[in-house]
Each structure stands twice: as structure tokens, then as C-alpha cells.
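Heads up, the thing below is written out as C-alpha cells.
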Amino acid sequence: MRLLEVLWLLNWISVVSGLVLVVLGLFLRVEVQRWVELMEEQAILYVPPMLISTGLAACVINFLGVRLSLDCTDLNRFLRWKLLLLPYVCSTFCFTSCILVGALTCFSIHSTLEDSLFVGLRDAMRSYKDTDTPGRCLMKKNLDLLQLHMHCCGNTDHRDWTRIQWVSTRYLDLSSRAVRERLRSNVAGQYLMDGAPFSCCSPLSPWPCIQNQLTNRLVHLGFDRVGQQQNLWSRGCRLALMEHYTGLLRSTGLTVLLVWVFELLVLTGVRYLQTAMENLLLLGDPESESDGWILENSLAQTARSNLGIIKNLGKCYQVEVDPNINTVEPQGFRTTSGPQA
């Protein structure tokens, strides 16, 4: 009875934990969709559906465990669960293993996410000027919102903008000799500038934002080079997004690990309950003490034995030889009969 009380409590805690996983999965999905166009492989897209499905499965399985804990308080009601208890233990074991894999995924996706953000941001910055190109016309807006919201600039820093053409050609005066010479001077035919977009400007700057000719000391006389970090954001957007998503994934992974611990305790308790109740039925005395175990023999022998029992479920036997029913029917107990041939 004490074991059933503990299982009832653990199952309800796991149900609530499953709901928390669903909420975390929905929140992470929203956060990923905000900047999904700035990633290449988008491996992180698989994490929110995994969390949502794991949370829903945890709610269903553990809510079934609550009903199991209530029914097993009566030995006659336990007999209705007897044939389903072993498959329930096996399914809970598989589900617990999937939860552990999900938690490890949240911690191991760091390197993949960093490479995806590096390539995605690099390609997005190259498309910054293509405001008239279908499929890339919103890239300028997305990058500007990213730099304004995350307080970042460029991929690694603001110097990344000096290596690409980020001004659209339609805004260039091609009749100007200086513009034509700058286009010809570059091997790729790009119009490179010693500057960055206005979205890189920091509102903390004590002077108007300096975004052009950043390295020309003669143009900006009296400009405090030490205080340049107050002018343009010095942090790259890849680092900003990595810190943002790493924090979310770390907290999510810890939550999933906590759910895994509760599920492992539930699995252990249900396994003890299954073996102890089956031995109690064989003893024939509901007031007696019975032994319970996790592994009666070795792991391989226990797996083969349980697999054989599961295969025999639903097979047709004569009542007196059915391995799925009780061989002892004590006085005052009501046992179930298996399917007849």
C-alpha cells in the first residue's frame, strides 16, 4: 500500500512534468521560428516537436499509471491489469529511454547549431541587398530586426559588413566615377564600404551613430576609439543567438532530465509492484508478504522470459494450460480466465 501511494504521487508529478514539457516545446518552437530563416540545416527544428510529443506521451502514460495505482489497492481489481502490466512496464521502459535520448540531444546540439548559424547568417548577409529578389526580399528586414533586438552586429562582429556589398545596386549612382571605380577595384565586382547598417548602432551612444568610414581617423576627428563599443554593437549575432538558444536548450535539457528521473522511479516502482503482486497471487494469502524484484535473473534471461510472456498474450489455450492466468485460486479471490480454445 505504501508503494502504491508513492507511485500515485510520482505519476501525478510526472503528469505535471509532461505538461511542462509541452509548454517548453511550444515556447521553443515560437523562438526558433523567429529566426529560422537565419539558419542553414535547422537541426534545432526537431527539438520542439520532440518535446511536445514526449510531454503528451508522459501525460498519457502517467495518467494511466495513476489509474493503475488506484486499482491495485484491491487485489480483485488488480487481476484486470495482470495481463497488461508487463507490456505497460516494457512500454514505460522504452519511453524512459526516449526521454534520456531527448535530454542528451538538448545538450549535444550545440556544435551543430553553431555551424548552422554561421552559414545561415553568412548567406543572409549576402542577401541583405536583394530587396527586389523573390524569396530574399525579407532578409534585410529579418537581419535588421535581429541586430536591433539582440544588440548584435554582423556574423562575428561589425567588420563582417565591410567584406560584402550590403547596399542595393539601385541606390548607387552608376554615373558617378567614384562608384564605378570602386566596383571595378573589387574582384567580385561588389561595392564594398567601410561601414555597417544603421541597425548595428547602439542607442547607448553619447553621439550620433557613426556607421560609415569607421577606420578613417581623419573623417571622425575627436572620435573616442576606446568608446567605439558604445557606437556599434561589438557582439556578433552568431554569438548572441548561440547564447539565447543555448540557454533555452540547457534549461529544457535539465527539465527533461528531471522528468526522466521521475519516470525512472515510476518504472522501478511499477516493476516491483508487478513482481510482488504476481507472487502474492501465487501464495494465495493477501495478508502475507511477497518478494518483488527488478531482475530475477540476468538482464538477457529476464528479457527473453518477458518477451516470451508477451508473445503468449492473446494466444488460445485450454483453460487448464493457459500460462497467462493464475494457477492458484485462493478462497475469497476472484481470478480471471484466459481465452478458451
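The values are calculated or read from the model by the stated rules, or taken from the named source; none is laboratory data. Keep in mind that what you see is a predicted model, and the values were worked out from it rather than measured. Ideal geometry is used to build each Cβ from the backbone, glycine not excepted, and the neighbour counts take in all protein chains shown. With ligands, DNA and RNA removed, areas are computed over all heavy atoms of the protein, side chains included. Shrake-Rupley method; radii C 1.70, N 1.55, O 1.52, S 1.80 Å.
Brief remarks follow.
- All other residues whose Cβ lies under 12 angstrom from that of GLY120 are scored, Lys and Arg at +1 and Asp and Glu at -1, for a net of -3.
- Backbone phi angles across segment 99-116, fed through the Karplus curve with coefficients 6.51, -1.76 and 1.60 (θ = phi - 60°), yield HN-Hα couplings of 5, 5, 4, x, 5, 5, 5, 4, 8, 9, 7, 4, 5, 5, 5, 5, 5, 5 Hz in residue order; Gly and Pro are listed as x.
- Per residue, the solvent-accessible area of segment 1-79 (1.4 Å probe, heavy atoms of protein chains only, all protein chains present) comes to 50 Å².
- Overall, the anisotropy analysis places segment 1-149 in the prolate class: the square-rooted eigenvalues a ≥ b ≥ c of its C-alpha gyration tensor yield a/c not less than 1.5, with a/b exceeding b/c.
- Neighbour-limited loop hits for chymotrypsin sites (Phe, Trp or Tyr not before Pro), segment 227-281 (at most 10 other Cβ within 10 Å; DSSP other than H, G, I, E, B): none
- Pairwise FRET efficiency - TYR171 versus ARG34, Cβ, R0 = 25 Å, nearest 0.05: 0.35
- Whole-percent carbon and sulfur share, accessible surface of segment 11-110, 1.4 Å: 72 percent
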